[in-house]
Amino acid sequence: MPHFLDIHTTDRAALRAMIDQAHSMKTARADRPKGTADDSQPLQGRMVALIFEKPSTRTRVSFDMGVRQMGGQSMVLSGSEMQLGHGETIADTARVLSRYVDLIMIRTFEETVLHELAEYASVPVINGLTNESHPCQIMADILTYEEHRGPIKGRRVVWLGDGNNVCASFLHAAGQFGFDMVFAGPDALDPDPKAVAFARAQGAQVDIMRNAEAAVAGADLVVTDTWVSMHDSQSNRERRHNLLRPYQVNDALMAHAKPDALFMHCLPAHREEEVTNAVMDGPQSVVFDEAENRLHAQKAVMRYCLGV
Ligand code: CP
Ligand code: NVA
């Protein structure tokens, strides 16, 4: 019963197989109305709980649709409306939910909550974002890159801005999928040193830089994210904006990347802050393919967890 808690703690061959399965499942149902079922129904008879302790558009809708397309059922639960948000322990919540449902996806704050849930659940648990990581997003991003440009192995991925949860999962993926990462941002917002160490230990080159233009030189993929994540205090907003403004992704910066470089953002984007409209809506942007691919990648993640 494998959980899907993080990219660096998931078997490398299994990660590769999930990307490949996601691609073939996507291709098999191309052009069908979105509400139609897949030909194969591997989640028939399965119930999936989707728990949200933070807001979500993509994760919520893509998991729900993925379950339905594969013949399962899902229930969306808001953390604040559960006893979990009112003093019941995570361990007891895990034990109880395991008696009702076959699979749990949770979006939460500290990753200790995710790990405790996984420890005490007797069904698989999927990480739908914590303060520390966002592995489902990066599975979708790998799928997206490879659909457009072929294997990501050996490519140069440049992350601009805040070394946050999404950045950490990209670093984990650099180690597992064999690509190089450049981080460019202020030292106060450097990425998780454990994620950097993991990627390097697997043989990925990871460079930490301060100059955005120098960092982007030779990039195959340019990525950024919001300057203020859901877990960040709004009182630091102005300080973060001041620190991060030099790392905005705009046309002038993209001109330093390879001519065929792609641009990614997990969304939601703050247009004209971390990225300009011109880049978001420009020919190098694949941000809406990323959003779509959350659906396809997570269908493969759920199949992996359930062994179906
Ligand atoms: N990218 C992402 O996880 O989006 P949501 O917060 O809308 O789920
Ligand atoms: N870094 C962002 C990602 C949102 C999908 C956050 O955690 O809010």
> Got a number for residues in the range 124-166 being touching a residue at least 60 places away in the same chain (Cβ under 8 Å) and within 16 Å of ligand 2 (Cβ to nearest atom)?
Replying inline: 23
>> Given the options Ala261, Ala255, name the one that is buried (at least 19 other Cβ atoms within 10 Å of the Cβ) and either within 16 Å of ligand 2 (Cβ to nearest atom) or of a type outside the set (S, T, N, Q) (or both).
In response: Ala261
> So which residues in the range 109-123 are surrounded by fewer than 23 Cβ atoms within 10 Å (Cβ to Cβ) and either at pLDDT below 95 or not hydroxyl-bearing (Ser, Thr, Tyr) (or both), if there are any at all?
Replying inline: Phe109, Glu110, Glu111, Val113, His115, Glu116, Ala118, Glu119, Val123
>> Would you confirm, using the coordinates I've provided, whether Asp20 is closer than 21 Å to His172 by Cβ, outside the structural domain of Glu119 (by the TED database) and surrounded by fewer than 19 Cβ atoms within 10 Å (Cβ to Cβ)?
In response: yes
>> I'd like to verify a number: residues in the range 177-188 that are in a helix (DSSP H, G or I) and buried (at least 24 other Cβ atoms within 10 Å of the Cβ), how many?
In response: 1
> In the range 292-301, is there at least one residue being surrounded by fewer than 20 Cβ atoms within 10 Å (Cβ to Cβ) and outside any loop (DSSP other than H, G, I, E, B)?
Replying inline: yes
>> I'd like the full set of residues that are in a helix (DSSP H, G or I) and within 16 Å of ligand 2 (Cβ to nearest atom), limited to the range 51-100.
In response: Arg58, Thr59, Arg60, Val61, Ser62, Phe63, Gly79
>> Looking at the range 280-300, I want the residues that are more than 20 Å from Gly72 (Cβ to Cβ) and within 12 Å of ligand 1 (Cβ to nearest atom) and have a partner that is modelled with pLDDT of 95 or more and among the hydroxyl-bearing types (Ser, Thr, Tyr) with Cβ atoms under 8 Å, at least 6 apart or on another chain. Which pairs are those?
In response: Glu290/Thr144; Ala291/Ser62
>> So for the range 207-228 (the condition being touching a strand residue (DSSP E or B) at 6+ places or on another chain (Cβ under 8 Å), among the hydroxyl-bearing types (Ser, Thr, Tyr), surrounded by 14 or more Cβ atoms within 10 Å (Cβ to Cβ) and on the phi < 0 side of the Ramachandran plot), does at least one residue qualify?
In response: yes
> From the list Val287, Val275, Val228, which residue is within 29 Å of Arg16 (Cβ to Cβ) and either modelled with pLDDT of 95 or more or within 16 Å of ligand 2 (Cβ to nearest atom) (or both)?
Replying inline: Val287
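The values are calculated or read from the model by the stated rules, or taken from the named source; none is laboratory data. These numbers were taken from a predicted model, which means no experiment stands behind them. Note that each Cβ is placed from the backbone with ideal geometry, even for glycine, and that neighbours are counted across all protein chains shown.
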